[in-house]
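J.: I have a structure here, written as structure tokens, and I will follow up with some questions on it.
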Amino acid sequence: MSYSGYAYPGYGQPMYEAPVPVVRKKTAGVIAFVVALVVLVAGPIVSAFVAQGIAPFMVPAMDGTLDPSSITSADERDLTAINSGISGVFILGTLLGLWAIVQGIVATVRKAGRAFGIAAMAIAVAAPLACGFLFYVTLFAALPPDAYLRP
């Protein structure tokens, strides 16, 4: 049926169709969330072990009685391992934490697992706080009882 030579609905224009919403998988948000959880769990655990390794060297360093010539090769190996542990925790925790934050932002903006992306960003920001807190709690708990009484 046509009206005065034009096709229905008039003036030859097609009917408006709403765009079909794109359903995205939640994979990006879930990956960011898992990476953030790894940082939150592994960082404080490794920090606690590193703090326990540092504690025996803290008392002589605090009261000024640390003599560098009295450090044995076994102590040097321990300090090297502790230094490697600290560096590893900081580098790995920073890289994984930044990855979780960036991927959480991408997942949130693209709506590909938005809730997981927001949770990943929050966890990745809180992980260094938990890591530092547990490090100092473990460090001070591992010191000898008389370490605080020395002048």
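The values are calculated or read from the model by the stated rules, or taken from the named source; none is laboratory data. The model shown is predicted, which means the values in this text are computed figures rather than measured ones. Cβ coordinates were reconstructed from backbone atoms using ideal geometry, including for glycine residues, and neighbour counts include every protein chain displayed.
J.: Can you name every residue in the range 46-80 that is of a type in the set (Val, Ile, Thr) and touching a residue at least 24 places away in the same chain (Cβ under 8 Å)?
T.: Once the filter is applied, which keeps residues that are of a type in the set (Val, Ile, Thr) and touching a residue at least 24 places away in the same chain (Cβ under 8 Å), the range 46-80 yields Val46, Val50, Ile54, Val59.
J.: With the structure loaded, tell me whether Val39 is more than 21 Å from Leu143 (Cβ to Cβ) and in a helix (DSSP H, G or I) or whether it fails that test.
T.: Here the answer is yes, as Val39 does meet what is asked.
J.: With surrounded by 14 or more Cβ atoms within 10 Å (Cβ to Cβ) and not in a helix (DSSP H, G or I) as the only criterion, which of Ala112, Ala100 stands out?
T.: Ala112
J.: Another question about this same structure. Quick check on the range 85-97: of everything there that is modelled with pLDDT of 85 or more and loosely packed, with under 13 Cβ neighbours inside 10 Å, which residue is nearest to the chain's Cα centre (by Cα)?
T.: Leu95
J.: Now for a separate question. So if I check each of Ala141, Ala119, Ala74, Ala147, which one is in a helix (DSSP H, G or I), modelled with pLDDT of 80 or more, surrounded by 14 or more Cβ atoms within 10 Å (Cβ to Cβ) and not polar (S, T, N, Q)?
T.: Residue meeting the stated conditions: Ala119.
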